[in-house]
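Inspection log for the structure reproduced underneath, given as structure tokens.
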Amino acid sequence: MGDFTQRNPLDGKPASERTEVWVAFDEKALYVAARLYDTEPAKIVSLLGRRDDELESDWFSFAVDPYFDRRSGFQFSVNPAGSIIDKTLYNDEWTDDTWDGVWESAARIDEQGWTVEMRIPYDQLRFPVRDEYVWGVNFKRIIQRKNEQDYFAWVPKEENGFVSRFARLTGIRDIRPGRHFEAMPYTVARLTFSPEEAGNPFRTGSDLFASIGLDLKYGLKSNLTLDLSLNPDFGQVEVDPAEVNLSVFETYYSEKRPFFIEGSNIFAFGYGGANSNFGFNWGNPEFFYSRRVGRPPQGWVDGDNYVRYPEMTTILGAAKLSGKVAGNWNIGFLNALTARAYADVDSRGRRSSQEVEPFSDYSVLRVQKEFNQGRQGLGFMGTGVFRDLDDPGLQDILGSQALTLGADGWLQLGKTQEWALTGWLGATRVAGSHDYILDLQQAPLHYFQRPDADHLALDPEATSLNGWAGRLALNRQKGNWIFNAALGAISPGFEANDLGFQWRGDYINSHLAIGYSWLHPGKVFRSATLLGAMARGWDFGGNAIMKNYFLFLNGNFLNYWGGGLEFGFIDAAYDKELSRGGPLLRLPAAYWMEFDAYSDSRKPLVLSLRGEASRRRDGSREFAIGPRLRWKPRSNVSLSVHPEVEFIRTYRQWVANVDDPFHTATYGRRYVFAYLNEKVLSAEIRLNWIFSPKISLQAFLQPLIAVGKYAEFKELALPATYSFNYYGRNGSTIFQDNEGYTVDPDGAGPATEFTFSNPDFNFKSLRGTVVFRWEYRPGSTFYFVWTQNRQDFTNPGDLDFGRDLGDLISAQGDNIFMLKATYRFNL
């Protein structure tokens, strides 16, 4: 097979270099071979990288749709150095590189160009057994020095689709896919060195831990796979970056544990059918956020004792079933059991333990069916969390049961499927004790206690909380013109955080976005996009909490440099979270802008720069800028350095809420705010040293210094305004000592004094991970990992870079060394 067509840089033109491909098969495997001719073989870009690294090199890819459903499949890629990438394909145009198949490949550069060979066992592909097969296939070639992408089954840039455009591969018959069964036992040893603490029996300086576990993969049918993990350990994953979060919103961290990320796209909910999903100040709730499983224990021990908490909850076992069942329904089921977790307590030499996390059962079920070659789709998703709450203290902070149920689907409209209408609807129910449900109603996602919200009612007697959410969106799928509109809502009682992730509640959001893309090279740009949008947001009481306008411009120049600009206007609107359960604040309007620029990624040294700035009419402002340098001194070494500085000055930083029946203007409570001057200095440094496609050394380092100084303490004067009473004025007093601040809000008036601690901070953190990985046989891996974490909190509110950096370097920290080995048995 030949006759490849360019998609980049000259869409629709013949490929500049000739490519020939052969496909063969036997009873057990599919074979792909390619001869990639090159008139200048010395200029072939050959880089070594770890598996699934998207290297800036030449590549050859083979994509196959063995179901022939025109929506899903697999993609296998090899570069001239033998580095590999494997992905699953879904939703016609989307990819997921978390899947790691077991297959073989080889590549070699010669005087005519380079060659590729692949052997892909059938048990790595999912397909129903038939007498004769028709599969969809495509081939892709990247010629890096020319920034050229060539396809066998070419799709013009103005069109949409990928898997649905594959060529037909026929003639495969008399094969035996068999049932895939593999076992992968593992053993791990971990040694932790931490600073000693005088008198603390749990901080003696070192700790040794060892464990074993087992992963199993079994093909129940040729199109259905069961994964089991017993006592899993994920010590080889990279540490999460440090940050300072002063908002009410939880920080979202990406999943990094292999069992949970592999094939995770099957649990994606609410996004199918459309090739673009816009969200302007909107985030779809995730019904399944796998980091809830095995999270750090949520309980604590009261009292002045020495306590040792488990770092994570132990996962006893997890099972995952995925594939296709009767009628081509995609199915995904996951169940995980976590053990009770206990904190060790030492009270003057007397040892005891206290439960800080109950035995829990986490379950997820996802089913989805596509009709009419993907033009319509319908799916359902349900999750459940069931906790065995024997400890009365845990009954007050955790729910006994949390359930979610949702349905999603899409319709592709028009004869050429130019439009996609997508939507989803979901409901949640959380059950627990009176105290827990009362606290949950007052949590940041709900704030049922808001005194000025007539649409909310706090119920102290409730033992459950129920809610709903949904969204409807219309997207233009192809052509130069861009159109996207959506309307979504999350009710005040919607709560998905036991096994999902939810950004907001009590929220209605809509947007309209229109733009135009120049897809072919012109006199200045190779491609460019101009997009404008407007978005609105309300709570369920009808209060306008967002009125935003956006303008986006980005382009890629003829020399392959590029960048983008974003501008926005945030109109005056209410904020329902800023007072942490109190009345609305009326925020003044603001302006913001962002920019980014980057150099030609084909070069050994790639530079980029990103910055953002905003200013609100009250004088609050933010500014951040960060260059990024990516250096490839050799074909197997790359270094990335990304420093960033951020300056934040806000006049509305929340400090505390203080009950005071005399302050009737804000419903018997004082809402204390302050001016905050925050400075953040950070960097992310990554080193990749690849000895071969199977042996690598990777290092990650993140230093961070974040300093915040508070001043001009004040309280909200009236609800739904931006009016404040400043302490130290008009008869009020404020006094600072070593313990914090003491405030008399009305001087000689009847209000009593109150105190709060000094909120100034100087947080210094250094986190790093070094991972040596050796895949010594297919599917079997040895890891050596060194993780370090050190922190310092001295000199709150005062930034001195030299001093603070010295304090961070000299701070004592934790050093963790881990050895892990896995061995794959293919049975």
### Summary
When restricted to Leu334, Leu413, the only residue touching a residue at least 24 places away in the same chain (Cβ under 8 Å) and within 27 Å of Ser72 (Cα to Cα) is Leu334
## Note on the structure
Among strands (runs of 3 or more DSSP E) entirely within the stretch 305-359, at least 1 residues that are surrounded by 15 or more Cβ atoms within 10 Å (Cβ to Cβ) and charged (D, E, K, R) occur in 306-308, 315-325, 341-347, 350-357
### Query
Among the residues of the stretch 231-240, is there at least one that is at pLDDT 80 or above, aliphatic (A, V, I, L, M), surrounded by 14 or more Cβ atoms within 10 Å (Cβ to Cβ) and within 25 Å of the chain's Cα centre (by Cα)?
no
### Message
Show me the strands (runs of 3 or more DSSP E) found entirely inside the stretch 723-777 where at least 1 residues are at positive phi, more than 35 Å from the chain's Cα centre (by Cα) and not aliphatic (A, V, I, L, M).
### Response
740-744
### Task
Specify which of the listed residues (Gly279, Gly294, Gly299, Gly272) is of a type outside the set (Phe, Trp, Tyr), crowded, with 16+ Cβ neighbours inside 10 Å, closer than 23 Å to Thr422 by Cα and out of contact with any His (no Cβ under 9 Å at 6 or more places or on another chain).
Gly272
### Query
Among Tyr516, Tyr507, which is the only one that is within 28 Å of Glu577 (Cα to Cα) and touching a residue at least 12 places away in the same chain (Cβ under 8 Å)?
Tyr507
### Query
Within the set of pairs 6+ apart or on separate chains, which have a first residue in the stretch 802-827 that is loosely packed, with under 12 Cβ neighbours inside 10 Å, a second that is in a strand (DSSP E or B) and aromatic (Phe, Trp, Tyr), and C-beta atoms under 7 Å apart?
Leu827/Phe181
### Query
Which one is farthest from Ser765 (Cα to Cα) among residues in the stretch 787-817 that are of a type in the set (Phe, Trp, Tyr) and not in a helix (DSSP H, G or I)?
Phe817
### Query
Has the stretch 254-275 got at least one residue that is part of a loop (DSSP other than H, G, I, E, B), out of contact with any helix residue (DSSP H, G or I) (no Cβ under 9 Å at 6 or more places or on another chain) and β-branched (Val, Ile, Thr)?
no
### Query
In the stretch 477-530, which residues are of a type in the set (A, V, I, L, M, F, W, C) and either open to solvent by less than 20 Å² (accessible area, probe 1.4 Å) or not in a strand (DSSP E or B) (or both)?
Ala486, Ala489, Ile490, Phe494, Ala496, Leu499, Phe501, Trp503, Ala513, Leu519, Val524, Ala528
### Message
Residue pairs, Cβ under 6 Å, 6 or more apart or interchain, first in the stretch 678-697 and within 23 Å of Arg50 (Cα to Cα) and in contact (Cβ under 8 Å) with a residue 60 or more places away in the chain, second open to solvent by 30 Å² or more (accessible area, probe 1.4 Å) and outside any strand (DSSP E or B). List them.
### Response
Ile690/Leu48; Ser696/Arg50
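Among the residues of the stretch 284-304, which ones are among the basic types (Lys, Arg) and either part of a loop (DSSP other than H, G, I, E, B) or touching a Lys or Arg at 6+ places or on another chain (Cβ under 7 Å) (or both)?
Filtering the stretch 284-304 down to residues among the basic types (Lys, Arg) leaves 291-292, 295.
Within the stretch 284-304, Arg295 is the sole residue that qualifies.
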### Message
I'd like the residue in the stretch 637-683 that is of a type in the set (Gly, Ala, Ser) and surrounded by fewer than 17 Cβ atoms within 10 Å (Cβ to Cβ) and, out of all such residues, is farthest from the chain's Cα centre (by Cα).
### Response
Ala665
### Query
Is at least one residue of the stretch 561-582 under 30 Å from Asp454 (Cα atoms), in contact with a helix residue (DSSP H, G or I) (Cβ under 8 Å, 6 or more places away or on another chain) and among the small types (Gly, Ala, Ser)?
yes
#### Entry: Check on Ala699, within 25 Å of Gln812 (Cα to Cα) and either surrounded by 15 or more Cβ atoms within 10 Å (Cβ to Cβ) or not aromatic (Phe, Trp, Tyr) (or both)
yes
### Query
If you go through the stretch 443-477 one residue at a time, how many are out of contact with any Phe, Trp or Tyr (no Cβ under 9 Å at 6 or more places or on another chain) and touching a residue at least 40 places away in the same chain (Cβ under 8 Å)?
5
### Task
Could you please find all residues in the stretch 369-390 being under 25 Å from Lys415 (Cβ atoms), in contact with a helix residue (DSSP H, G or I) (Cβ under 8 Å, 6 or more places away or on another chain) and assigned to a strand (DSSP E or B)?
Lys369, Glu370
### Task
Go through the stretch 400-416 and give me each residue that's open to solvent by less than 50 Å² (accessible area, probe 1.4 Å), of a type outside the set (A, V, I, L, M, F, W, C) and under 21 Å from Phe269 (Cβ atoms).
Thr404, Gly406, Asp408, Gly409, Gln412
### Task
Would you please name the residue that is farthest from Glu54 (Cα to Cα), looking only at residues in the stretch 142-171 that are outside any loop (DSSP other than H, G, I, E, B) and open to solvent by 40 Å² or more (accessible area, probe 1.4 Å)?
Thr170
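Say we look at the stretch 119-141 and pick out the residues that are out of contact with any Phe, Trp or Tyr (no Cβ under 8 Å at 6 or more places or on another chain) and not hydroxyl-bearing (Ser, Thr, Tyr); which of these is surrounded by the most Cβ atoms within 10 Å (Cβ to Cβ)? Can you show your working first?
Filtering the stretch 119-141 for residues out of contact with any Phe, Trp or Tyr (no Cβ under 8 Å at 6 or more places or on another chain) gives 122-123, 129-132.
Still in the list and also not hydroxyl-bearing (Ser, Thr, Tyr): 123, 129-132.
Details: Asp123: 22, Val129: 12, Arg130: 12, Asp131: 6, Glu132: 10.
If we take residues in the stretch 119-141 being out of contact with any Phe, Trp or Tyr (no Cβ under 8 Å at 6 or more places or on another chain) and not hydroxyl-bearing (Ser, Thr, Tyr), then Asp123 is surrounded by the most Cβ atoms within 10 Å (Cβ to Cβ).
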### Task
Quickly run through the stretch 531-564 and pick out the residues that are closer than 30 Å to Ala720 by Cα and either outside any strand (DSSP E or B) or among the hydroxyl-bearing types (Ser, Thr, Tyr) (or both).
Asp539, Phe540, Gly541, Gly542, Asn543, Tyr549
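The values are calculated or read from the model by the stated rules, or taken from the named source; none is laboratory data. Because the structure is predicted, anything quoted here is derived from the model rather than measured. Cβ: placed from backbone, ideal geometry, glycine included. Neighbour counts: every protein chain shown. Protein only, heavy atoms only, side chains kept; ligands, DNA and RNA dropped before computing areas. Shrake-Rupley method; radii C 1.70, N 1.55, O 1.52, S 1.80 Å.
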